1. Would you calculate the convex hull of the Cα atoms in the range 13-103 and tell me its volume per residue in Å³?
2. So how much accessible area does K228 have, in Å² to the nearest 10, using a 1.4 Å probe?
3. Heavy atoms only, probe 1.4 Å: what % of the accessible area of the range 170-256 goes to carbon and sulfur, would you let me know?
4. Rounded to the nearest angstrom and ordered from largest down, what semi-axes does the equivalent ellipsoid of the range 36-194 get from its C-alpha gyration tensor (root of 5λ)?
5. For the range 153-255, place one equal point scatterer on every Cα, skip the solvent, and apply the Debye formula. What is log10 of I(q)/I(0) at q = 0.18 Å⁻¹?
6. How long are the semi-axes of the equivalent ellipsoid of the chain, defined as square roots of 5 times the Cα gyration tensor eigenvalues? Whole Å, largest first.
7. Any idea how far the Cα center of the range 131-184 sits from the one of the range 40-72, in Å?
8. Toward the positive end of the charge dipole of the range 181-261, about the Cα centre and with charges on Cβ (Lys, Arg +1; Asp, Glu -1), which of A259, C236, P207 goes farthest?
Amino acid sequence: MTRRHELTDAEWDFVQPLLPRKSMGRPRLDERRMLNGIMWKFRAGVAWRDVPERYGSWASLHTRFRRWAADGTFDRMLKNAQARADAAGNIDWLVSVDSSIVRAHQHAAGARKGGHRSPALGRSRGGLTSKIHLACDGLGRPLALVVTGGNINDCTQFTAVMEAIRVPRLGPGRPRVRPDHVLGDKGYSSKAIRAWLRRRGIGHTIPERADQGRRGGRPAAFDKQVYKRRNVVERCFNRLKQWRGIATRYDKTAQSYEAAVTLASLLMWV
């Protein structure tokens, strides 16, 4: 029987071939049960110690999650899922880019200092926040994401998000890295971003801000009908934030929080 917040049979059939294989050592615990426990934790937004005992030891779940987050397992699973969709011609390369603020719980603070990566927490009058910068395909499925502090401007992360799009080929060939067209809101309206896209031959529909159209010159082309399709990225964030552990950040490290978002993104490709 499939319980709430657990993988359905269809989701497990999709995810199982993407899990890392272990050829040596002791046999692993039931991977479906462990993955269900990890998902339950982030979908319910609880502490690791509060995960029900039916999923096994909470310490084992936490250790497995941290290991998979550190060695890039969730990233590879997402890339493999994207590669399978691309091989089937099931990716719409009309890419939308946007970001979303996430309130960070007080438990997210206090990570050890001196690590190789920033904790991706920003402070404002509203408290600690993080921001998810994301690119999705025309069907609203995540292609790439970057997590930063909540006080980081959207346009400064545009190239980082776009360069994170790398959909591998199942056979020989280089990964696909270039969309057919990019949609973005006024937060991405800058000469540097438009020049970056033109150098790579990528069409784009980004509205100009009111303070950018008064200095003469030809205004940037803007197609209202195409721009209407940008709402898919808003719906993508809506689906991701159905996971309570993503809508509010409880993880101390950016690596763990980004891995949770990647896991939720993976299941959107089922």
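The values are calculated or read from the model by the stated rules, or taken from the named source; none is laboratory data. Everything numeric in this text was worked out from a predicted model, so none of it was measured. Using ideal geometry, Cβ is built from the backbone for each residue, glycine included, and neighbour counts are taken over all protein chains shown. Heads up: the accessible areas ignore ligands, DNA and RNA and are worked out on the full protein's heavy atoms, side chains in. Shrake-Rupley method; radii C 1.70, N 1.55, O 1.52, S 1.80 Å.
1. Output value, Cα hull per residue: 145 Å³.
2. Rounded to the nearest 10, the figure is 130 Å².
3. 48
4. Semi-axes (√(5λ), whole Å): 29, 24, 14.
5. With one equal scatterer per Cα and no solvent, log10 I(q)/I(0) is -1.07.
6. Semi-axis lengths for the chain are 34, 23, 16 Å.
7. Cα centroid to Cα centroid, the span is 27 Å.
8. P207
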